[in-house]
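Take a look at the structure set out below.
The values are calculated or read from the model by the stated rules, or taken from the named source; none is laboratory data. Just so it is clear, the model here is predicted, and its values are computed rather than measured. A quick note on method: Cβ atoms are made from the backbone with ideal geometry, for glycine too, and the neighbour counts reach across all protein chains shown. When the accessible area is computed, the model is the full protein with side chains, heavy atoms only, and any ligands, DNA or RNA have been set aside. Shrake-Rupley method; radii C 1.70, N 1.55, O 1.52, S 1.80 Å.
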Amino acid sequence: MFKKTLSLLSLMLLFSYAFSQNADIALTFKFSHGPYIQDVSKSGASIVFTTSQPSFSWVELTDNNGNTQAFYNIEHGVKMANNTFHTIRIDNLSPAKDYSYQLFSKEITKFDPYSVVYGDSITSESFSFSTLNPTAEELTFIEMSDIHGNNDKLEKLLHHADVQSADMVIYAGDMMDYYATEDQPFHNFIDKSVEVFASETPFWLVRGNHETRGRYSRNLFRYVPREDGRYYYTVKQGPVLFIFFDSGEDKPDDHPVYAGLNDFDNYREEQAAWLRQVVASDEYKDAPYRIVVTHIPPLADGWHSEQHITKTWLPILNEAGIDLMLAGHLHEYKYFPKDADIYAFPLIIGSNNTAARVVVNGEGIKLKTIDVNGNVIDEMKL
Ligand SMILES: [Fe+2]
């Protein structure tokens, strides 16, 4: 009997010890993902990060003169709090300036109507970024697509393309297979990007068809937030005006696998109307170089979306004097030289094993395509 009681007691002790250990692990308050820079412009940027527990979080920004200012996510008169996913917009900055920033967060252990109780406070290390410089004479960027959640491949391509010396990174879609679990974008490509460059150098995600798939796919925008609320937009950095398209799904909207939930034909028409406005704008006309990025390329004999893009966007682009189009989707490297009858611009389709390192300056566009082993598989000057 005594033995039995003793073993029961030791079992209970073991359980309570294990529980307290787990509780300690669960309660460690920390920054859990990020930070990374999004939607950077000549006058602002968004900092995205998460905390392990609900919190009140903010960013403190320091300029070159040592002036520090706190930025909060304020909506409808209240500082957003008791959340774990944080997007802090920083505005009223100067173009082409360096800033350093730090994250601050206070855990919220109780959020009652008349009593908010804070727990631990944490501060991140210091990071830095630069606002865009639309008048810079040179721009270096890395572009890749179709990584499909392979972090190992992503890391190798970023390394071989020398991301540390680039001004920006463009992910031209299908960085994920689909979006089926809540924080899959972090696990599929954002955490690795943060580890390598994204806390200080921005990436732009040009959405691929695979990112439109899965039960959480409608939440993707919170990971790549933009003030204008859109996945398609222009960015002017250095001598380049980028036109980023959102090319949608590959099959017709009424295909059974989409269950009647897609409306991409209308969406691509909407982007054609927007494109007409873009190419008529002074910013477009004044840009030394115009580079278009779309996940799905125009292919007259391709699948539905490739044909639809050929019909809706290509005639406008062929008249607009663009300098280069970058695309992905096919998982096979292809280069189509400028040909007035088909594409009135060079079209480069990256594979799922390559990255492009592109340098643009007064001498033209220099483009090098590198594979996962660091071999240069194509090099050209446009
Ligand atoms: Fe694709």
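Some notes on this structure:
- Between VAL293, VAL278, VAL40, the Gaussian network model of the chain with springs among Cα atoms under 10 angstrom shows the greatest mean-square fluctuation at VAL278.
- Farthest positive-ward along the chain dipole, Cα basis, beta-carbon charges - from PRO54, HIS86, GLY229: PRO54
- The mean accessible area for residues of the chain, using a 1.4 Å probe and ignoring ligands and nucleic acids, is 47 Å² per residue.
- Within region 38-172, percent of DSSP bridges classed antiparallel, to nearest 5: 90
- All-pairs Cα distance distribution in the chain, expressed in whole percent, bin size 20 Å: 26, 52, 17, 4, 1
- Values of log10 I(q)/I(0), in the order q = 0.21, 0.24 Å⁻¹, for region 31-130 under a Debye, Cα-only, solvent-free model: -1.06, -1.30
- For region 172-226, taking the reciprocal of the average inverse distance between every pair of different Cα atoms yields a Kirkwood hydrodynamic radius of 11.3 Å.
- Among the listed pairs LYS338/LYS381; LYS42/LYS334; LYS338/LYS366; LYS42/LYS153; LYS334/LYS368; LYS79/LYS192, a Cα-Cα separation exceeding 22 Å is found for LYS42/LYS334; LYS42/LYS153; LYS79/LYS192.
- Net charge contributed by nearby residues that have their C-beta within less than 11 Å of ASN318 (K/R +1, D/E -1): -2
- Fluctuation leader among PRO35, PRO298, PRO288 - the chain, Gaussian network, Cα springs under 10 angstrom: PRO288
- Over region 205-285, the alpha carbon radius of gyration divided by the compact-protein estimate 2.2 N^0.38 Å works out to 1.23.
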